[in-house]
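Read through the structure below, which is laid out as structure tokens, and then see the notes.
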Amino acid sequence: METSKSRIVVDYEKLDAELVEQIKLVYPSGFSQHLVSFVNSKGEKVSALRFETFEKIYLIRMTTKMAEQIIIDDSDYDDEGKLKEGVREQYEEDHSDVDYLSENENYDENW
């Protein structure tokens with residue numbers, strides 16, 4: 001994937017449902033262990049989850065605590081913080097035409 005893509009910094013809650021489903025496919029065991037840190041335009045250190053599409057690189061703002069709470073509160077994940085198999089299968093079917101998902105680096109080696 002190209003490096004000249006626009007970078008978007010956004011809160012998880014502001015993402016559309018389709019993008020959230022795709023993110024869950026790339027990070028089926030949650031987000032907290034995949035956060036990156038960067039300094040924003042105000043000089044503040046921020047943590048975020050990186051997700052790349054063909055057009056954009058998203059940096060989804062969240063702290064480790066927020067990342068863990070998102071998974072706890074999301075019914076798509078089981079009690080162990082893993083994306084439920086039936087949910088994963090449905091999202092894979094729904095997004096089978098999205099080529100960039102296979103190009104995202106899946107950091108979750110336990111899946």
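Filtering region 60-88 down to residues that are of a type in the set (Lys, Arg) and part of a loop (DSSP other than H, G, I, E, B), which residue is farthest from Ser32 (Cα to Cα)? Within region 60-88, the match that is farthest from Ser32 (Cα to Cα) is Lys84. If I filter region 19-26 for residues that are under 18 Å from Leu83 (Cβ atoms), charged (D, E, K, R) and open to solvent by 90 Å² or more (accessible area, probe 1.4 Å), do I get at least one hit? No.
Looking at region 56-97 only, could you name the residues that are over 15 Å from the mean Cα position of the chain (by Cα) and buried (at least 17 other Cβ atoms within 10 Å of the Cβ)? The answer is Val87, and nothing else.
The values are calculated or read from the model by the stated rules, or taken from the named source; none is laboratory data. Everything numeric in this text was worked out from a predicted model, so none of it was measured. Here the Cβ is made from the backbone with ideal geometry for all residues, glycine too, and neighbour counts use every protein chain on show. We work out accessible area using only protein heavy atoms, side chains counted, and drop any ligands, DNA or RNA first. Shrake-Rupley method; radii C 1.70, N 1.55, O 1.52, S 1.80 Å.
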